[in-house]
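Asker: Input: one structure, supplied below.
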Amino acid sequence: MKFIVSIIGLLLLSGCATGYQAYTWSGGYKDKVLGENHYYIEYLGNGTTSPETVNTFWTTRANELCPNGYTEVTSELGKNNSFAGGTSGVSFNHPWKKAEIKCS
């Protein structure tokens with residue numbers, strides 16, 4: 001019985017929106033140092049993460065890397081689509097934001 005409850009709990013948790021975190025299978029941030037005070041940041045959401053939340057989490061990461069402010073050199077917003085087969089066939093949008101920044 002405990003095993004079944006554990007499996008159900010894991011399934012419920014896996015359906016949640018991506019929280020603020022480093023990148024994992026369910027989304028999160030990735031960043032790369034391009035130079036001194038110069039970064040490329042990506043934030044990838046999952047199928048239940050709103051574009052607004054992705055933007056907020058991207059901004060949180062940018063502020064961690066550049067606590068005195070930053071300028072976005074390039075910026076892209078978008079979404080990847082995926083499809084879950086089966087009898088109904090459900091499509092999911094996975095929003096993301098990618099941008100290059102320079103710290104002030």
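The values are calculated or read from the model by the stated rules, or taken from the named source; none is laboratory data. Computed from a prediction, not measured in an experiment: that's the story for all the values here. Here Cβ is always computed from backbone atoms with ideal geometry, including for glycine, and neighbour counts include all displayed protein chains. Accessible surface is based on the protein model in full, side chains and every heavy atom, while ligands, DNA and RNA are left aside. Shrake-Rupley method; radii C 1.70, N 1.55, O 1.52, S 1.80 Å.
Asker: Tell me which residues, restricted to the range 22-33, are open to solvent by 80 Å² or more (accessible area, probe 1.4 Å) and part of a strand (DSSP E or B).
Answerer: K30, K32, V33
Asker: Another question about this same structure. Taking the conditions exactly as written (outside any helix (DSSP H, G or I), open to solvent by less than 80 Å² (accessible area, probe 1.4 Å), modelled with pLDDT under 95 and not basic (K, R)), does T87 satisfy them or not? Reasoning before the result, please.
Answerer: Working: outside any helix (DSSP H, G or I): yes; open to solvent by less than 80 Å² (accessible area, probe 1.4 Å): no; modelled with pLDDT under 95: yes; not basic (K, R): yes.
No.
Asker: Would you point out which residue out of N68, N80, N63 is modelled with pLDDT under 95 and among the polar types (S, T, N, Q)? Walk me through it before giving the result.
Answerer: Numbers: N68 fails: modelled with pLDDT under 95; N63 fails: modelled with pLDDT under 95.
Unique residue meeting the criteria: N80.
Asker: Keeping to the range 34-47, report how many residues are over 11 Å from the mean Cα position of the chain (by Cα) and either open to solvent by 40 Å² or more (accessible area, probe 1.4 Å) or touching a residue at least 12 places away in the same chain (Cβ under 8 Å) (or both).
Answerer: Taking the range 34-47 first, the residues over 11 Å from the mean Cα position of the chain (by Cα) are 34-40.
Now restrict to residues that are either open to solvent by 40 Å² or more (accessible area, probe 1.4 Å) or touching a residue at least 12 places away in the same chain (Cβ under 8 Å) (or both): 34, 36-40.
Selection size over the range 34-47: 6.
Asker: Suppose we filter the range 48-69 for residues that are over 11 Å from the mean Cα position of the chain (by Cα) and open to solvent by less than 60 Å² (accessible area, probe 1.4 Å); how many remain?
Answerer: So the count comes out to 6.
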